[in-house]
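First up is the structure itself, then whatever we jot down about it.
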Amino acid sequence: VAATYQITIANHAWQIPGGKLEVPCDKLVEFCVTSQDLTYGFGIFRQDNSMVTQMQVVPGHANDLLWTFTENGTFDIRSTEYSGPAGYRIVAEDAVVVSGCAQKG
């Protein structure tokens, strides 16, 4: 694993270390996500709102996602699980920045 990123969610808000994760392209990385209160979803989304990957995040359990990005870009993190009326927009915009991919074309 090239890098491990620790992310926390509580009170319907993401806590991203440094506000942004710098992620290498074409390297296996690990996202370790901890919920301090409710069940959430951890989804990584492209700027066109299409989903790259996601997992459920359950409090009191290890919630680890291994992933390899194959394209440069900036991605949002969103909750993909219903967590009550206050959770309708749990988004960390531009939270994942992937670089280092060879340019295609």
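The values are calculated or read from the model by the stated rules, or taken from the named source; none is laboratory data. Since the structure is predicted, the reported quantities are computational estimates derived from the model, not experimental observations. Cβ atoms come from the backbone with ideal geometry, glycine included; neighbour counts cover every protein chain shown. Ligands, DNA and RNA are excluded from the accessible area calculation, which covers all protein heavy atoms including side chains. Shrake-Rupley method; radii C 1.70, N 1.55, O 1.52, S 1.80 Å.
Worth a mention:
- Solvent exposure of the chain amounts to 55 Å² per residue of accessible area, where only protein heavy atoms count and the probe is 1.4 Å.
- Relative contact order for the chain, counting Cα pairs under 8 Å that sit 6 or more residues apart, in percent: 30 percent
- Gain upon complete extension [His61, Cys32; 0.36 nm per residue less C-alpha separation]: 9.4 nm
- Our coupling estimate for region 9-26, obtained by passing each phi through the Karplus curve with A = 6.51, B = -1.76, C = 1.60 and θ = phi - 60°, is 9, 7, 6, 6, 9, 6, 10, 9, x, x, x, 7, 10, 8, 10, x, 7, 6 Hz, Gly and Pro reported as x.
- At a Cβ-Cβ separation cutoff of 4.7 angstrom, cysteine residues of the chain with no neighbouring cysteine are Cys32.
- Sequentially through region 61-70, phi angles give Karplus couplings (6.51, -1.76, 1.60; θ = phi - 60°) of 10, 6, 10, 10, 10, 9, 8, 10, 7, 10 Hz, Gly and Pro residues having no value and appearing as x.
- Of Asn72, Asn49, Asn11, the one that fluctuates the most in a GNM where the chain has Cα springs shorter than 10 Å: Asn49
- Over all other residues within a Cβ to Cβ distance under 15 Å of Ala10, the charged ones net out to -2, with Lys and Arg as +1 and Asp and Glu as -1.
- For the chain, the share of DSSP beta bridges that are antiparallel, to the nearest 5, is 65%.
- Taking all protein chains as shown and a probe of 1.4 angstrom, Ile90 keeps an accessible surface of around 10 Å².
- Separation of alpha-carbon centers, region 1-42 and region 51-105, rounded to whole Å: 8 Å
- Entry for Cα Rg over 2.2 N^0.38 Å (calculated from the structure that is shown) out of [x] 1.34; [y] 1.04; [z] 1.16: [y]
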